[in-house]
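To start, the structure under review is shown below, and the notes come after it.
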Amino acid sequence: TVPPTLTLSSPADKLVTNVASCTVKGTTNDVTSSPVTVTVKLNSDAETVTVGNDGSFNKTLTLTSGTNTIIVVAKDSAGKTTTVTRTVTLDTTAPTIKSVKITPNPVNCGKTFVISVEVTD
């Protein structure tokens, strides 16, 4: 009657990264209804992963540009499930400098001036 435990150590939720490779790591356990199976779903692709004797598992995924939804489901032999969802954003585009402003302009040698930069990402 009790679903399995499921803990993810990585990735962190709402992670923003510029690296396309992402490893899902965690542990699962069910004292009364072992073994536990784990399925990792990235966007629309799902795959069952091997769970070690100690309940640990890991799966390396390849992210696509933009927001990626990772859903991990642990299912015990009684059919009870526990689900953990993580959102990871792959951002490989560098920020763009939109404008630069120097105050005062022109700058006098030896005087204090302020440089303001507007950046978009």
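Brief remarks follow.
- Subset of region 1-27 that is among the β-branched types (V, I, T) and more than 24 Å from S77 (Cα to Cα) - its residue that is surrounded by the fewest Cβ atoms within 10 Å (Cβ to Cβ): V19
- Index of the failed condition, D30 passing every other in (1) over 21 Å from the mean Cα position of the chain (by Cα); (2) open to solvent by 50 Å² or more (accessible area, probe 1.4 Å); (3) of a type outside the set (S, T, N, Q): (2)
- Considering only residues in region 81-93 that are closer than 16 Å to P11 by Cα and of a type in the set (V, I, T), the one that is farthest from the chain's Cα centre (by Cα) turns out to be T83.
- Yes/no for V40 being under 18 Å from T7 (Cβ atoms), surrounded by fewer than 16 Cβ atoms within 10 Å (Cβ to Cβ) and of a type in the set (A, V, I, L, M, F, W, C): no
- Selected residue (only one of T87, T83, T92 is open to solvent by 70 Å² or more (accessible area, probe 1.4 Å), outside any loop (DSSP other than H, G, I, E, B) and touching a residue at least 60 places away in the same chain (Cβ under 8 Å)): T83
- Filtering region 54-80 to residues that are within 17 Å of the chain's Cα centre (by Cα), in a strand (DSSP E or B) and surrounded by 14 or more Cβ atoms within 10 Å (Cβ to Cβ) leaves F57, N58, K59, L61, T67, N68, I70, I71, V72, V73.
The values are calculated or read from the model by the stated rules, or taken from the named source; none is laboratory data. Since the structure is predicted, the reported quantities are computational estimates derived from the model, not experimental observations. Here Cβ is always computed from backbone atoms with ideal geometry, including for glycine, and neighbour counts include all displayed protein chains. Heads up: the accessible areas ignore ligands, DNA and RNA and are worked out on the full protein's heavy atoms, side chains in. Shrake-Rupley method; radii C 1.70, N 1.55, O 1.52, S 1.80 Å.
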